[in-house]
Structures are given as C-alpha cells and as structure tokens.
1. Looking only at segment 399-424, filter to residues that are at pLDDT below 60 and out of contact with any Phe, Trp or Tyr (no Cβ under 9 Å at 6 or more places or on another chain); which one of those is farthest from H278 (Cα to Cα)?
2. Out of the residues in segment 261-313 that are within 17 Å of P428 (Cβ to Cβ) and β-branched (V, I, T), state the one that is farthest from the chain's Cα centre (by Cα).
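The values are calculated or read from the model by the stated rules, or taken from the named source; none is laboratory data. What you see is a predicted model, and the numbers here were worked out from it, not measured in a lab. No Cβ is skipped: glycine too gets one built from the backbone with ideal geometry, and neighbour counts run over all protein chains shown.
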Amino acid sequence: MPKKVSSKRGNSSSVKNTDASLKIPKRYSLSTAVKESHGHPIYCVAFSPHVHITDDDSNANTASCFATVGGSYATIYEVINNDTSKALPIQGQPLTARQIYKDVDNGELFYTCAFGGRGVGTPLGYDAVGIVVAEEESNDTSTSGKKSSNSHDKNIIYFGEKKQQNNLKKPVKRQKQHDTHKNEIDTKESQQCQFFLPHYATQNGPPLLCLGGTRGIIKVIDTCRRSLFMTLSGHGNDITDLKFSPANEWLLLSASKDETIRLWNLQRGVCVAVFTGHNAHRGQALSVSWHLTGTKFVSCGMDNMIKLWRVYDDDNTNDNKERRKCGPVEKALRNSQNVVPNGCISSDKNKKMDDGQDRALETTKFETYFQQFPYFSTNKAHINYVDCVQFVGDLILSKSIDNKVVLWKPIFDNDADQRIVYTMNRVPSDILYLREFLLENCGSWFIRFESPPPYHHLLALGNQVGEVKIWHIGNDEKHQKYFCNLTTTSNGWFGTTGKAVNDQSTIRMVAFNPHGPSLVAVKDDSTVWMWDAAMK
C-alpha cells in the first residue's frame, strides 16, 4: 500500500517557493515519459487543485496529482514537486500512476476531465472501499517502458453499468455503499444504504474526478472510495469540455456538441442553468473558461463565435450580496442549494425522528434556468473554428485552426454595459486586438493551450508534429515568437518492444502544475510527457 499522505488545499501557505511562480523559467528539461497501453489518443490532462503533503519527518515534500483520459480509461498520476530554484537533471523526476479507471461501457470515449468538489474521507492512496478491484490482464498494463516507475500499481478499477450509460434520460444516480443488511433499520449498516447529501462536514477529502465524452453523461469518480459517485445526465451529444469554478469548487461548467453549455451544482447533483437559445452557440461548443472571480465565463465553438456569459454580477461581494437583487442565474444557484434528491437523508442532528433515526427528506423540485443572451458575443477574433479559449485577467486568449492564438479585449461603451441583460440586437461585439502568437503545424482542431493562473505570464501549446512551444505573454512585441521549443523524441524511453511510438503525433493538450515546476503534455500516440522548469 502506498505511503499515507495528508491533503491540503493548494494555496500559498502549503506550497513552497511561491515567489518562483512570478519568474520566467530559463529552460525546461525532459523529466519522464510513459506510454499508456490502451492505444487510444489522450485528449485531456488536468491537475488537481489540491496538493498532498508526504509524511516524511526529515524532508516533507508536496505531491501533485493529475489525470489523463484516453478511450474509456482515466489514469491518475502523482508527481513530487521539487524546488524550482534548482536546475533539475534530465530524466530526474519519477511519474507514478496511482489509480486507473475503466468504464465498462466500451462505447464510451472520454474527451475531457476535471477535478472539483470533495470526496469522502481519506486522501488519495488508500485501499478501495466497498468495490471490486479486478487484476489487470498481462497484456493491458497501465504503462510500459523502462523509464516508468508505476509497476507497483497493477489494478484497474472498473465502474459503470452498460444499461445506465446508454440511457441519457435517466436522472442523477449516486453510488450506494455496499451493505448486506439493508433490511435492518436499527443498524449502522442500514444507514450506509441511504444517500447522504454532499456537504463540507463529511466531504473533506481530495477532489472528485469528473469525466465527459461521447455518451454525453458526466461520470463523477470518488478517488478515495475508488468508485462511481454519481452521474449527471442532460447533454444530448458528446461532452467536449469540463471546468470547475475557481471561486466555488462545487460549480461545474460543461460544453457539448449539442451546442449547449450547462452549469451544474455538483453538491446537489442538479443542472442549475443551460446556456442555449437564439443568441447562444449555433455550432458545437468546444471550450469554456471561468473568470478568476467565478462571476462569469467565456465560451467558444465551431460557429466561430466567442461569447461571454454572466453567472454573478461583477459587484457580487459578501457585503452587498444579500441586499441587492440577484440575477436569474444567481437566483437559480441559490435555489439549487435547497434541492434534495430522492432517497437522501438529512445530516442535520436537529432533524431526527422520534426513534432517533435520521429523517428522510422530501424531494425538492427544481426548475433549470435557460439563458439565451450572453453579455458579449463576437466573431471578429477568428475566421474559423475556435477550439480553445481562456480568460487572462479581464483579457481573453483564443485559438483557432487558422494557426494563431490571439490576445484581445472586449470593448464596451461603458462599465454599465457589462451588467445589462441584452436582447438579440444589442449584444456588443467589438474587440481590441492586442497580440498575436505565431503558430506552426497547428491547423488541426481540438488542440488546447494553457496559460497558468493567476499571473498568466506563460502560454504553452502543442502542435501536430509532437512539439510544445512556450511564449512569454508579457513580451512587448505585437507578433510574438516562442522562447522555448520542447520536442517529444521517444529514443530510449519506451524500449524496442511493443507498439511503435510516432514522435510526430499530435499533442492534444498541455497543462502546468499549479503547485510545482512541471509541464505535462498528452499525445495521440497514448504517451504522457513531463518536463521540469529550471530557474538557473
């Protein structure tokens, strides 16, 4: 069993060398690479917002976790965060696969993943609870190659039911804990068969892992119990992106091929709002990004449009939150906190039956709000599909398949314009073009960049020939060229046996470690690559 670890929220008090995040790395050194054996393209990589503190008396280190998705598989890796002020040797950083999940529905193909909410109990690394863990087959190992250090973990955790995954109309389901004495009312075992609402008292573990793909259903995994926690149904087609709010870990955005964006309250398992209609996207919604305040978000899609949507008003502070009149989406969010799904029981000690048992709560009906009008909408940044977008402060970075990333600012006549509920004829669309980042071999769609918050001083993006290029956003040049070019050459990493590795296969996504010096990229050839930054 892996060493016990403790979980902490990834803030400045729990991460070493926070000042180093303000500096630009001098170089990146290839640390490690692994090949996942499922053989599917890996479309997404996402870091957990939490760090784990190892119980080492002499040298306490922080460890970050990230997840990748390919085919019907999801793999969680762990990486130790090193000192960014020291130059790291090449091939000096191990990459450990801690958990491997597989959906039993072989027709599922995951495109995106995200960490958010909270699991129950202990941090990542403990034994499974109440589920069956099957041994891996000899021809389906988690990773291969002499540079991988994950040989100790040879279990695949299977989840889901085929009937459940194929039925898009079924309501939210929560995983029941296993119990053979569910008919005995007075025992503790019988209480384990009930559904408990997630709340901060019991949900104090690391984040839940959310997966989305071709089935249009969000699968929520509890990484502590190593089991399916719930599913969220509503989308009518592929899910292309998932993003949790930086201000509320229970609020989840999902973009879909069905041309809609949905806002979920994961704590209650309900869809709060659907952003669709006359002035919404008229093509596949491909990417979403929250503003750092969590009050608004930006979306883009195959209709060449980029749209800004409001969840809270910009002046939503604790001082005036209750006094002012809230908007329709915010009102729906507040109402969603009163939702009680079927079968749930109260965790409030004051709500007990006469015999001392927990009182079952009545189901609360909830009406999902439909929002048709963004407060900004433009097609002036790009002339083709827009497949990735991100807030950079109040500015916006967007990428299209026309081989460029653009930094721009939406233009409003005045500050009040941003708080008006527009009709279809009054939505602002003018932009101020600020900067362009020159790309090469990046004409394929669904290649996603990242600029690490909160300072956004870097921009990293892969391409179709297996390269990752890094730009300094703060450079004064209008047309910028990358300052670092990372290649994915497989010589010596995956041995001479097994499937051949295509060094020039497409890099689908890159992600910066929010708690350490790592940069991770995932490719179409099922490989995961990690580089470490050096400040000297």
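1. First, pick out the residues of segment 399-424 that are at pLDDT below 60: 415-424.
The next check asks that each one be out of contact with any Phe, Trp or Tyr (no Cβ under 9 Å at 6 or more places or on another chain); those that pass are 415-416.
Details: D415: 25, A416: 23 Å.
Per the stated criteria, the residue is D415.
2. It comes out as I306.
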